[in-house]
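Worksheet: one structure, shown below.
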Amino acid sequence: CPPLGLETLKITDFQLHASTAKRYGLGAHRGRLNIQAGVNENDFYDGAWCAGRNDPYQWIEVDARRLTKFTGVITQGRNSLWSSNWVTSYRVLVSNDSHAWTAVRNESGDVIFEGNSEKEIPVLNMLPVPLVARYIRINPRSWFEEGSICMRLEILGCPLPDPNNYYHRRNEMTTTDNLDFKHHNYKEMRQLMKTVNKMCPNITRIYNIGKSNQGLKLYAVEISDNPGEHEVGEPEFRYIAGAHGNEVLGRELILLLMQFMCQEYLAGNPRIVHLIEDTRIHLLPSVNPDGYDKAYKAGSELGGWSLGRWTQDGIDINNNFPDLNSLLWESEDQKKSKRKVPNHHIPIPDWYLSENATVAVETRAIIAWMEKIPFVLGGNLQGGELVVAYPYDMVRSMWKTQDYTPTPDDHVFRWLAYSYASTHRLMTDARRRACHTEDFQKEDGTVNGASWHTVAGSINDFSYLHTNCFELSIYVGCDKYPHESELPEEWENNRESLIVFMEQVHRGIKGIVKDVHGKGIPNAVISVEGVNHDIRTGSDGDYWRLLNPGEYVVGVKAEGYSTATKTCEVGYDMGATQCDFTISKTNLARIKEIMKKFGKQPISLSIRRLRQRARQWR
């Protein structure tokens with residue numbers, strides 16, 4: 001039987017009860033598998049249920065609210081940086097009225113189940129035979145001798161059908177999409193991609209961006225009406241997932257999304273057809289397949305909070321990118337500094353490119369991919385929370401660990417984050433409880449990364465400062481690795497958001513920068529008055545600049561060409577405003593070109609004056 005849903009919050013706080021609690025922050029409502037206490041273990045958000053007394057009469061109880069066939073129990077100790085507490089053995093009791101209890105027994109009496117031997121690794125115990133009841137109670141019998149009675153748990157059980165109970169029928173989530181709702185290992189993921197490509201050969205292409213530490217290819221699927229080529233004037237979008245190998249929900253959502261888009265395109269869904277014809281979409285479901293393999297082998301409930309998070313060589317991909325923030329801010333703070341750093345396309349430092357740098361091969365593959373394709377917008381799907389985080393992810397002050405640190409495009413990023421959160425079924429629901437310790441409702445399900453926790457070298461900050469692409473981190477669920485039975489509901493929670501966020505790539509201005517002969521000018525700098533962050537044109541001279549509705553003075557400059565400005569207006573309707581530029585070469589550039597053509601190099605004025613003076617002295 002699948003989990004009842006303590007970890008996914010399907011079981012509400014009102015369904016959890018305990019004999020006693022040490023304090024509110026260690027109450028029964030905190031006794032959920034994998035719940036995190038955070039750094040501040042306080043009276044509201046701590047990391048387990050802990051009994052008020054250490055004796056064999058303590059218990060924690062779950063009310064399933066309907067008859068349920070209970071089959072197993074998973075337990076953990078208390079999540080804490082400062083203390084060690086776990087239960088080493090326990091009894092299990094069931095009841096239909098919460099007054100008369102029956103213990104799980106075998107031939108020799110009450111069964112004493114073996115608990116945990118440390119605080120983080122989950123331990124599964126299956127009941128000798130399934131038991132049908134409404135309530136289930138865990139009664140600790142022994143605990144770590146230097147600690148106290150503390151535990152987190154999940155209950156495995158199959159709710160029995162009850163057609164007469166309107167409450168349960170109303171709350172059951174179903175989906176009408178005919179998709180492959182299961183967890184896919186590496187081989188199955190590859191096969192699913194092939195199936196989608198076979199169904200929709202005209203709009204899909206499978207390719208890889210490199211290999212993992214263990215040699216597994218990092219496969220991506222492109223969805224476009226002309227797969228394999230960049231079309232001038234068409235923006236490029238990306239979703240990636242699985243940078244943390246144990247955050248599996250994002251991986252499955254991307255696999256579901258590629259199936260859905262193929263099916264809807266074939267069915268003639270005008271919204272999806274329009275999106276595919278006007279956008280080049282790249283879907284990379286597994287950035288860290290080595291880590292995923294570890295988590296997959298343990299299973300959805302037994303990997304704990306971190307098994308498979310890192311690469312094979314122990315690197316966190318999400319924070320493994322060059323720290324360009326410090327270079328930019330140092331240059332801005334020291335205005336007289338000889339080393340001027342641009343506000344965009346900041347070069348990668350030499351030390352990072354050396355072979356001795358602690359950089360994962362997966363990270364290097366992503367950077368090469370980001371530099372090769374002119375992405376405009378991207379989302380990296382993560383797990384363990386329910387929020388959209390936007391850059392900067394790093395605080396500017398070296399003395400703080402949390403501080404709102406906006407980019408020059410803060411209003412655009414806030415809109416992009418809200419576009420996903422507001423269309424998610426749960427992110428902005430004021431009635432839902434926090435996953436762990438943070439309540440993001442005051443920001444409508446969004447958060448500035450640095451105000452949450454500071455991180456140097458994040459993919460979001462790097463993408464913004466090194467490329468044209470605006471990237472956000474989308475945390476798609478409290479449970480990093482939900483049970484297979486939860487996937488249809490999670491798809492329904494995220495489906496609309498995934499599509500709406502892709503559509504935002506068509507917000508702002510776009511255009512082509514050409515010379516007087518109509519040829520596109522690559523690497524031209526596009527600036528917006530009042531926004532201290534520029535972008536550059538692609539190899540064909542085309543560009544896209546994400547902006548909120550409003551009127552903007554847009555400028556363009558390119559080496560050897562005259563500058564130009566114009567006013568461009570962004571409306572509220574979907575679709576970027578066309579804002580093209582035609583610029584001519586400067587006189588100096590023309591002279592250089594003519595002299596080069598005739599085999600002569602132009603002489604700078606200073607050198608010419610020196611030569612004239614030399615002749616006069618003679």
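The values are calculated or read from the model by the stated rules, or taken from the named source; none is laboratory data. Just so it is clear, the structure is predicted and the values come from calculations on it, not from any experiment. In this analysis, Cβ positions are derived from the backbone assuming ideal geometry, glycine residues included, and neighbour counts consider all displayed protein chains. Protein only, heavy atoms only, side chains kept; ligands, DNA and RNA dropped before computing areas. Shrake-Rupley method; radii C 1.70, N 1.55, O 1.52, S 1.80 Å.
Couple of notes before you dig in:
- Number of positions in segment 123-145 that are among the polar types (S, T, N, Q) and crowded, with 16+ Cβ neighbours inside 10 Å: 2
- Residue 148 being in contact with a Lys or Arg (Cβ under 7 Å, 6 or more places away or on another chain) and either part of a loop (DSSP other than H, G, I, E, B) or open to solvent by less than 60 Å² (accessible area, probe 1.4 Å) (or both): no
- Residues (within 30 Å of residue 78 (Cα to Cα), open to solvent by 50 Å² or more (accessible area, probe 1.4 Å) and part of a loop (DSSP other than H, G, I, E, B)) located in segment 307-334: 307, 309, 310, 312, 313, 314
- Evaluation of residue 368 against (1) out of contact with any strand residue (DSSP E or B) (no Cβ under 9 Å at 6 or more places or on another chain); (2) more than 30 Å from residue 430 (Cα to Cα) (one fails), failing number: (1)
- Counted residues, segment 103-120 - those being over 24 Å from residue 76 (Cα atoms) and either touching a residue at least 12 places away in the same chain (Cβ under 8 Å) or assigned to a strand (DSSP E or B) (or both): 2
- Residue among 44, 14 that is under 27 Å from residue 483 (Cβ atoms) and open to solvent by 60 Å² or more (accessible area, probe 1.4 Å): 14
- Restricting 91, 78, 66 to residues that are part of a strand (DSSP E or B), basic (Lys, Arg) and touching a Phe, Trp or Tyr at 6+ places or on another chain (Cβ under 8 Å) narrows the list to 91.
- Verdict on residue 170 being modelled with pLDDT under 95, surrounded by fewer than 21 Cβ atoms within 10 Å (Cβ to Cβ), basic (Lys, Arg) and not assigned by the TED database to the domain that holds residue 303: yes
Residues are listed down the side, and each one gets a yes or a no for (1) more than 32 Å from the chain's Cα centre (by Cα); (2) outside the structural domain of residue 479 (by the TED database); (3) under 27 Å from residue 490 (Cα atoms):
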| position | (1), (2), (3) |
| --- | --- |
| 21 | yes, yes, no |
| 38 | no, yes, yes |
| 42 | no, yes, no |
| 52 | yes, yes, no |
| 57 | yes, yes, no |
| 70 | yes, yes, yes |
| 97 | yes, yes, no |
| 102 | yes, yes, no |
| 105 | yes, yes, no |
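- Filtered residues of segment 199-215 (kept if within 22 Å of residue 292 (Cβ to Cβ) and open to solvent by 50 Å² or more (accessible area, probe 1.4 Å)): 208, 211, 213, 214
- Selected residue [under 16 Å from the mean Cα position of the chain (by Cα) and either surrounded by fewer than 21 Cβ atoms within 10 Å (Cβ to Cβ) or not assigned by the TED database to the domain that holds residue 264 (or both)] from 474, 499, 521: 499
- Candidates 248, 273 - the one that is open to solvent by 10 Å² or more (accessible area, probe 1.4 Å), outside the structural domain of residue 574 (by the TED database), aliphatic (A, V, I, L, M) and at pLDDT 95 or above: 273
- Total residues in segment 14-40, condition in contact with a helix residue (DSSP H, G or I) (Cβ under 7 Å, 6 or more places away or on another chain) and under 25 Å from residue 306 (Cβ atoms): 2
- Of residues in segment 173-198 being among the β-branched types (Val, Ile, Thr) and at pLDDT 95 or above, the one most open to solvent (accessible area, probe 1.4 Å): 195
- For residue 20, the stated conditions do not hold, so it cannot be described as under 24 Å from residue 143 (Cα atoms) and part of a strand (DSSP E or B).
- Qualifying position, being in contact (Cβ under 8 Å) with a residue 24 or more places away in the chain, surrounded by fewer than 23 Cβ atoms within 10 Å (Cβ to Cβ) and not hydroxyl-bearing (Ser, Thr, Tyr), among 74, 35: 74
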